[in-house]
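Contents: one structure, followed by commentary.
The values are calculated or read from the model by the stated rules, or taken from the named source; none is laboratory data. None of the values given here were measured: they were computed from a predicted structure. Neighbour counts are summed over all protein chains in view; Cβ atoms, including those assigned to glycine, are modelled from backbone coordinates with ideal geometry. These accessible areas exclude ligands, DNA and RNA; they are computed on the full protein's heavy atoms, side chains included. Shrake-Rupley method; radii C 1.70, N 1.55, O 1.52, S 1.80 Å.
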Amino acid sequence: MTEPIDGLQGWPPPVLDPAGPFAGPVNTLSWALFGIVIAVFVVVMIALGIALFGPRSWRRRIGGEKVLWGLGLAFPVVVLSALLVWGLGLTAQLSEDPDPSEMRVRVTGEMWWWRVAYLDAQGNEAFQDANEVHIPVGQPVVFELEAADVIHSFWVPRLGGKMDMIPGRRNILRLQADEPGSYGGQCAEYCGGPHALMGLIVVAHTPEDFAAWRAKQAAPSTGLVAASALPVAAGRQVFQASGCGACHAINGTDANGQAGPDLSHVGSRRTLGAGILPNNQGTLAGWISDSQAIKPGNRMPAYPVLTGQQLRDVSAYLESLE
Amino acid sequence: MTEAKSETGFDPELYKRFPTSGERPEGELEKLEKIWCGPKGWEWITVINNNYVGVYYIGAAMLFFVLAGILSLLMRTQLALPLNGFLEQETYNQLFTMHGTIMMFLFAVPAVEALGVLLLPQMLGARDLPFPRLSAYAFWAYLIGGLAFFCSIFFGLAPNGGWFMYPPLTSMTYSPGINADFWLLGIGFIEISAIAGAIEIIVGVLKNRAPGMTLDKMPIFAWGMLIFACMIIIAFPSVILATTLMELERAFGWPFFDALKGGDPLLWQHLFWFFGHPEVYIIFLPAAAAMSTMVAAVARTPLVGYRLVVLAMIATGFISFGVWSHHMFTTGMPSISIGFFSSASMAVSLPAGIQVFAWIATVAAGKMRFSTPGLFVLGSLTVFVMGGLTGVMVAMVPFDWQAHDSYFIVAHLHYVLIGGMVFPFFAAIYFWTPMSSSRPLSERLGKWVFWLMFAGMHIAFLPMHLTGLMGMPRRVYTYLPDRGWEIPNMISTVGAFLFAVGVLIWIVDMIRNFRPFGPRDAGNVFDSGGLEWLPTGLYSTRSIPIVTTRYPLWEQPNLARDVEAGRYFLPDAPTGDRETLVTSPLNAEPQYLQRIPRPSGWHVWAAVFTAGFFLLLTIQAYWASAVSGVLAVYCVFMWGWLLDRPRIQPTVDIGAGIQVPTYMSGPRSHGWWAMVITLVVAGMILVMTAFSYVFLWSRNPLDWIAPPQTGLIIIATMYAAALVAVRASNAVLVADRPRSPQLATALMLGALALAAGAWWIDLTGWWATGLTPQVSGQGATVFYFLSWQGFFVGTSAIMGLFVLLRFLTGQVEAKRPATFELIGLYLAYTAGQGLISVLLTRLFPGG
Amino acid sequence: MQRWFYMLGGMLVWAVHFVGVYAIASIGDVVARADDPTWRMIGLGFSVLCVLAGVTLFFQAVRRGRAAAGDEVATLASLLATAGAGIATIAIIFQTLPTVVGY
């Protein structure tokens, strides 16, 4: 598994590599904070250095109570006040209420994957996906964050700060990408088990590309139509016979399970297993065969009963669902 | 110029009689030695002298430090490489939970408490702590419970929900095993330990100082411990409540945190962090106070800005209670609310800055020596400042929205905890070992210990700031390759092992040089000015000095010689037993002579059975747990049975002809203070319960049903009547009429009956409405109020039994009202708590 | 007891302010919105009162401190009271900012 996986990249540090207006000002703040903090540390170290090694007259000056009042109180008050006003203002700006015209996506944190539902203008679910969220560039997108089981946290650092997904609550997070591309993230609230392997990707498209993508996603996969090719048809049989439809839904078939990720367009996803495997026939077959070995504790059982041929067939079928 | 006003009416002219002249009588010193003799054989377990218990306590705390440190090495080995198979997922999840839990609960708080136990009496000129069996009990419960808790790892039963154990992950649904119960009940006795220690320290610092040691002259360490103890009293009740509620939810389905049934996961977070944030300042303040002491000593100059440092510690103590939701900035709370917490978090760094500059000013005013304590002090200052500065960064909400729950926070918390507590603690070990050991620790090895720990610490944790900004969340057992996280993780792992080598060398140093409990100690190796460096025996100092400055050994000439010759207070043991002086809180004017008990086994057995109660409950051995609980109560009963006995002399000569009473009751007595502090703890639990009730209502106001329509008036009247009866009982007793004891006892038992009856009517009233504890947030909180009140009624009944037995054995008399008063306080509190509970649950929201 | 209240007065005002301003926003959150202008103004008004209290305690303590010269415990008490009221007032001002900044 040495292929780099599309998604969260560590370098440049995503927090300091903003890609939208909900991350940019935070990046500016971060650099300012670093600057101030380093400057203060240097001042303190210089004072300590003088206290330890400096000439007597300098040490006498630092050894008085005036230093406490000045350096210890007056100077911090000024700096902290300025920072606080900046911070409070930016907080208010980043948590402005959404405009009713903004696109809405509902992401529900599950153990250990992300259920993504695209909402229509009335706020109803139009169609579902999993572990990837597609958005148009250049406009704020409203993420409605919920949790199905335990507390999770939605974090795509290049696009903005994180927001927790708490059972019984719906939290709102607004994010915006300025350029098309993939923006990786990871669950940031310990949710037990393989919390470490709960990644996600936000894919930003130009508005035209997004409209096309959305139309394609809302409909059943075109791959379903071309079911004449043999492995795909055989794979569809394996899927039905193994009862996969009890947990997974495929739009356009009678598989309608809600327990696991929607597989209607799984072939077009960039990763599998919530951002931990590249998506190709081989990795998909391996996942179905024994996902427990890859992501211990996840809710999908292993399928040792499937033969190699069956695995190849069913993975070919699923990969065809683009 | 105003003359200092006397606080108690004590005439300060009397101090002029000291130091007394002439030889002390023959055999006086031998008598002291015999009364305070050290343990032999089994007595090593029942010993209560702080010189022993303090060393045991620190030893246990350092044992847990090393154990939790080993866990961290295992974790860092796993994280050195991506997708490493060194530890399984479940094992790692248990180890990181245990690392945090053990470090925070079994190492950090007990270690600083232990430092107080070991140092405070000697520093204050007292012979021992005011309730030595209580601190010994706290120690044994903590040791037994802590070791059992640690052993859960070997059975795969260690908790795995993170050290702050958020529900719903830790609810029965998602954590069905007893792992979470180990945590909940496992820290139960640590909570008890901490509170017992806090009571001890508050009373000891305020009531057992050497005469003349006014607040202004009190050692800065004593100030730090006082504030620490007060913070424990206010903060710990919140976690006691939280753990109790979660256990009730797990065991019986009372939905405090279950959103599906009317609870809220955020309630846990509020309750936990209201404790959890002050907890880190609880850990930091004593270490900072020790820093203030050691900086002055090592630089050989008085602390610059002593009064400002005192104020800084007080301000830190207060303001740290207003920042808890900075751990919850990402939970979706309204921006204005989190704004308040951000503001307070910025404000709390101001007093910390004052302390840091006081240390720097002190270094400047003196001549710093680069001895091992000096190095650790300087290292600590550096590391703590770095940690504090990243703290200011994460106090800014937008930055925290990126940094929260990432490795940036892991970096920040280790910098402040290692810089703010671990390094000062190692400095303290090197600094104060000569006081307790016949050999000081090695300066040569000590320098290796310091540099390895200092370098290792930075190498391990500095990269983590970057790792967090690179997107790595915390509490992950592995990570994917090709993200760039490999290099900083590997560096961190190397640093961790380097740090561990430093600790290993320290262990070697301890084995080679630490020789406690011997006849002599190594002496004032660092030439410090505090009273703890007077020559001492097991009886502490030969006589209790009059203190006139902050640094008595530096500024009061011939003090050591005069103290040793018995020329001050209490050079002997006038009642023939262990004693110390009780003095007034502000001016330390002598008030009375306190008798300190001799060792006996009851407190040890009480500790064993207390730990047993919690542990057996965890493994669901319910009958055995109940038996253990009953036995614990019995042992406490027997422990207290010998208290408040007749005295032979009503007053004694404590030196130079000054007479003080040997018995005290009422608001001046140490017993009264201990009971009041305990009731403050109970009151805080009540306040947090009320918060929980209102909070859950605000989340689900439509689920609330109407309260019982009748009963409020009669319940309130009965509780009020109970209060009156308690008052009357005490008044009757001290009136000293012929039948006073009978009447007073009857009134006390009558008050108990009224409170019990009121509670019963309240309980049955709610039961009749059909409300059950499982059905809603209202049910859970209302029945929790009732259960908590029931617990108080029950314990009041046990105390009533105690009173009755004392009456039947003729111990109830007007001259000795102390026990009656204390039980009266408890009973009055019970009635008051019942009254508040019934008013809240029936009048808000009403309907 | 009175001495302790004097020494800690500023800090107690701080505590009252913190609890109060958080409670006001929380009640506002139940009844309307936490940042509803009316409730913010209530918070602001309450804060102004607390700032005035802090400033009053500060000057009171300064005056008592001058009179206490010579009595060291009284001097300590006055310094704690003064500096405590000072830091408390600064903290209260910090804690007032969320009612107005960003709106």
- Task: Considering each of A:72, A:89 in turn, give the residue that is surrounded by fewer than 18 Cβ atoms within 10 Å (Cβ to Cβ), in a helix (DSSP H, G or I) and over 24 Å from the mean Cα position of the chain (by Cα).
- Result: A:89
- Which of the residues spanning region A:19-34 are open to solvent by less than 40 Å² (accessible area, probe 1.4 Å), in contact (Cβ under 8 Å) with a residue 60 or more places away in the chain and more than 9 Å from chain B (Cβ to nearest Cβ)? A:19, A:20, A:22
- Message: Is it the case, given these coordinates, that residue B:738 is assigned to a loop (DSSP other than H, G, I, E, B) and under 27 Å from residue B:261 (Cβ atoms)?
- Response: no
- Item | Filtered residues of region B:792-847 (kept if within 33 Å of the chain's Cα centre (by Cα) and over 24 Å from residue B:643 (Cα atoms)) | B:831, B:832, B:833, B:834, B:835, B:836, B:837, B:838, B:839, B:840, B:841
- What is the one condition in (1) crowded, with 22+ Cβ neighbours inside 10 Å; (2) modelled with pLDDT of 95 or more that residue B:230 does not satisfy? (1)
- Output for region C:1-23, where each listed residue is among the β-branched types (Val, Ile, Thr) and without any contact (Cβ under 8 Å) to a residue 40 or more places away in the chain: C:16, C:19
- Identify, by number, the condition in (1) part of a helix (DSSP H, G or I); (2) modelled with pLDDT under 90 that residue B:24 doesn't meet. (1)
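Conditions tested, residue by residue: (1) without any contact (Cβ under 8 Å) to a residue 40 or more places away in the chain; (2) touching a Lys or Arg at 6+ places or on another chain (Cβ under 9 Å); (3) assigned to a loop (DSSP other than H, G, I, E, B).
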| site | (1), (2), (3) |
| --- | --- |
| B:764 | yes, no, no |
| B:767 | yes, no, no |
| B:771 | no, no, yes |
| B:775 | no, yes, yes |
| B:778 | no, no, no |
| B:784 | no, no, no |
| B:795 | yes, no, no |
| B:803 | no, no, no |
| B:811 | no, yes, yes |
- Message: Pairs needed: first member in region A:175-193, at positive phi; second member anywhere, part of a loop (DSSP other than H, G, I, E, B) and surrounded by 21 or more Cβ atoms within 10 Å (Cβ to Cβ); C-beta distance under 6 Å; at least 6 residues apart or different chains.
- Response: A:192/B:169
- Of the residues that make up region B:644-660, is at least one within 30 Å of residue B:761 (Cα to Cα) and either surrounded by fewer than 15 Cβ atoms within 10 Å (Cβ to Cβ) or aliphatic (A, V, I, L, M) (or both)? no
- Task: Considering only region B:541-657, give the strands (runs of 3 or more DSSP E) lying wholly within it that have at least 2 residues that are under 30 Å from residue B:528 (Cα atoms).
- Result: B:579-583, B:590-595
- Residues in region B:192-201: is at least one open to solvent by less than 10 Å² (accessible area, probe 1.4 Å) and within 14 Å of another protein chain (Cβ to nearest Cβ)? no
- Message: If I filter region C:71-91 for residues that are surrounded by fewer than 19 Cβ atoms within 10 Å (Cβ to Cβ) and closer than 30 Å to residue B:698 by Cα, do I get at least one hit?
- Response: no
- For region B:33-68, how many residues meet the condition of being in contact (Cβ under 8 Å) with a residue 60 or more places away in the chain, open to solvent by less than 20 Å² (accessible area, probe 1.4 Å) and over 24 Å from residue B:532 (Cβ atoms)? 1
- Task: Please specify each residue of region B:407-417 satisfying the condition of being open to solvent by less than 10 Å² (accessible area, probe 1.4 Å) and under 24 Å from residue A:89 (Cβ atoms).
- Result: B:408
- Query: What number of residues within region B:247-266 satisfy the criterion of being touching a helix residue (DSSP H, G or I) at 6+ places or on another chain (Cβ under 6 Å) and more than 21 Å from residue B:323 (Cα to Cα)?
  - Reply: 7
- Item | Scan of region C:24-76 for residues that are without any contact (Cβ under 8 Å) to a residue 24 or more places away in the chain, polar (S, T, N, Q) and within 11 Å of another protein chain (Cβ to nearest Cβ), ordered by number | C:26, C:75
- Task: State yes or no: is residue B:221 of a type outside the set (Val, Ile, Thr), away from chain A (no Cβ under 13 Å), in a helix (DSSP H, G or I) and free of Cβ contacts under 8 Å to residues at least 24 places away in the same chain?
- Result: no
- Message: in contact with a helix residue (DSSP H, G or I) (Cβ under 8 Å, 6 or more places away or on another chain) and open to solvent by 10 Å² or more (accessible area, probe 1.4 Å): is that true of residue B:463 in this structure?
- Response: yes
- Identify, please: which residue in region A:170-191 is facing another protein chain (nearest Cβ under 9 Å) and surrounded by fewer than 24 Cβ atoms within 10 Å (Cβ to Cβ) and is, among those, farthest from residue B:403 (Cα to Cα)? A:170
- Task: Identify all residues within region A:147-169 that are farther than 19 Å from residue B:327 by Cα and open to solvent by 10 Å² or more (accessible area, probe 1.4 Å); write none if there are none.
- Result: A:147, A:148, A:149, A:158, A:168
- Query: Which residues, counting only those in region B:707-720, are surrounded by fewer than 18 Cβ atoms within 10 Å (Cβ to Cβ), of a type outside the set (Ser, Thr, Tyr) and either within 35 Å of the chain's Cα centre (by Cα) or modelled with pLDDT of 95 or more (or both)?
  - Reply: B:713, B:714, B:716, B:720
- Task: Taking the residues in region B:665-695 that are open to solvent by 40 Å² or more (accessible area, probe 1.4 Å) and of a type in the set (A, V, I, L, M, F, W, C) as candidates, determine which candidate is farthest from the chain's Cα centre (by Cα).
- Result: B:694
